[in-house]
Amino acid sequence: MLIKLKKAWELSENHVLDESKYLNRRAILKSMGIGGLAAGAAFSPFGRPVFAAEDPSAHLYPVARNHAYVGGRELTPEKIATTYNNFYEFGSHKEIHTAAQALKIRPWSVKIDGAVEKEMEIDIDDLLAKMSLEERIYRHRCVEAWSMVVPWSGFALKEFVKFAKPTSKAKYLVMQTFEDKSMATGQRQFWYPWPYTEGLTMAEATNDLAFMVTGLYGKPLPKQNGAPLRLAVPWKYGFKQIKSIVRFHFSETRPKSFWEELIASEYGFWANVNPEVPHPRWSQATERDIATNKRIPTQIFNGYGDAVAHLYEGMSKRERLFM
Ligand code: MTE
């Protein structure tokens with residue numbers, strides 16, 4: 001995410017992975033006597049943490065692919081999608097995958113509150129047992145103008161909404177990330193409005209495309225990608241796709257999300273992908289595929305207009321497509 005308030009917050013989108021750093025880190029771990037499995041993470045031959053070794057949901061994957069959802073271009077290699085991340089709780093750069101291994105993903109429960117028939121708290125493994133898991137290939141487009149294509153595993157958000165039993169007062173679904181400064185050192189940066197918060201209208205949350213992600217590449221979701229539960233709404237910019245969710249609040253009023261709270265003029269509530277509405281500081285007309293480094297034209301609603309354009313009818317073009 002690129003923001004302008006403080007110089008130190010600004011990062012280059014080109015802050016790319018340097019494999020030698022991993023090899024180096026691997027050598028350091030080895031010299032410390034820490035082998036292939038360390039700090040609760042599984043490591044690939046390159047020393048990259050791939051997924052949490054302690055994840056008790058590992059036996060659930062891989063799940064059957066839903067062929068209704070195809071990426072339309074080459075899948076991004078796992079190595080790239082799991083080492084080029086935004087997760088400000090663990091740092092404001094792209095290489096947070098190592099720091100994110102500090103995230104403790106069990107025990108993990110999610111709270112469901114607000115305008116619901118009955119408020120509750122449910123353990124993540126109990127929730128996984130209740131939902132129908134499937135794999136969907138989605139395009140993923142960040143507001144910073146890079147993109148990838150990834151196979152998410154998880155369940156339809158509308159199935160979760162049905163389970164939560166919202167009342168007719170619920171107009172928005174607000175989601176929040178955990179808050180724990182001792183684990184997530186990025187949260188010590190007090191100028192950010194923690195916890196990370198995002199929201200959808202109920203119509204968006206119950207759209208077929210809205211997906212709760214619990215796995216990636218046929219395995220449990222890596223910590224750096226938002227384990228154990230994150231959102232995928234592929235017609236919106238990536239910052240809407242909140243990671244490591246602990247609370248679902250059904251609200252009568254529209255929430256202010258994390259980035260909107262920081263800079264509303266740059267990161268609006270709707271955040272629908274739109275090549276015609278530039279970010280105030282850069283164009284959104286094209287995007288860089290992080291696997292090939294090639295620039296490709298950005299599609300309206302990230303190419304998912306058939307499924308979602310109707311949700312924004314009657315709104316002004318600028319409002320519905322960006323703000
Ligand atoms: N969720 C939390 N809690 N914290 C974050 O910093 N970054 C967002 C989103 N979800 C973020 C977050 C942004 S800007 C993007 S582009 C995506 O996560 C990146 O997801 P990925 O790392 O799995 O590609």
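Of the strands (runs of 3 or more DSSP E) lying entirely inside the range 233-323, those carrying at least 1 residues that are under 21 Å from the mean Cα position of the chain (by Cα) and surrounded by fewer than 21 Cβ atoms within 10 Å (Cβ to Cβ) are 245-251, 286-289.
Looking only at residues of the range 143-158 that are within 15 Å of the ligand (Cβ to nearest atom) and small (Gly, Ala, Ser), we find that the one that is nearest to Lys219 (Cα to Cα) is Ser153. Scanning the range 103-129 for residues that are more than 19 Å from Lys223 (Cα to Cα) and in a loop (DSSP other than H, G, I, E, B) turns up Ala115, Glu117, Lys118, Glu119.
Under the condition of being touching an Asp or Glu at 6+ places or on another chain (Cβ under 7 Å) and within 14 Å of the ligand (Cβ to nearest atom), the residues counted in the range 111-142 number 1. Within the option set Arg247, Arg254, being away from the ligand (no atom under 14 Å from the Cβ) and farther than 23 Å from Pro151 by Cα holds for one residue only, Arg254.
Is it fair to say Lys104 is modelled with pLDDT of 95 or more, surrounded by fewer than 20 Cβ atoms within 10 Å (Cβ to Cβ) and out of contact with any helix residue (DSSP H, G or I) (no Cβ under 8 Å at 6 or more places or on another chain)? Yes, satisfied. If you go through the range 183-213 and pick out every residue that is closer than 18 Å to Gly305 by Cα and in contact with a helix residue (DSSP H, G or I) (Cβ under 7 Å, 6 or more places away or on another chain), you end up with 9. Among the numbered conditions (1) farther than 27 Å from Ser109 by Cβ; (2) more than 14 Å from the ligand (Cβ to nearest atom); (3) of a type in the set (A, V, I, L, M), tell me where Ala271 comes up short. For Ala271, the failing item is (2).
The values are calculated or read from the model by the stated rules, or taken from the named source; none is laboratory data. What you see is a predicted model, and the numbers here were worked out from it, not measured in a lab. Virtual Cβ from ideal backbone geometry, glycine too; neighbours counted across all protein chains shown.
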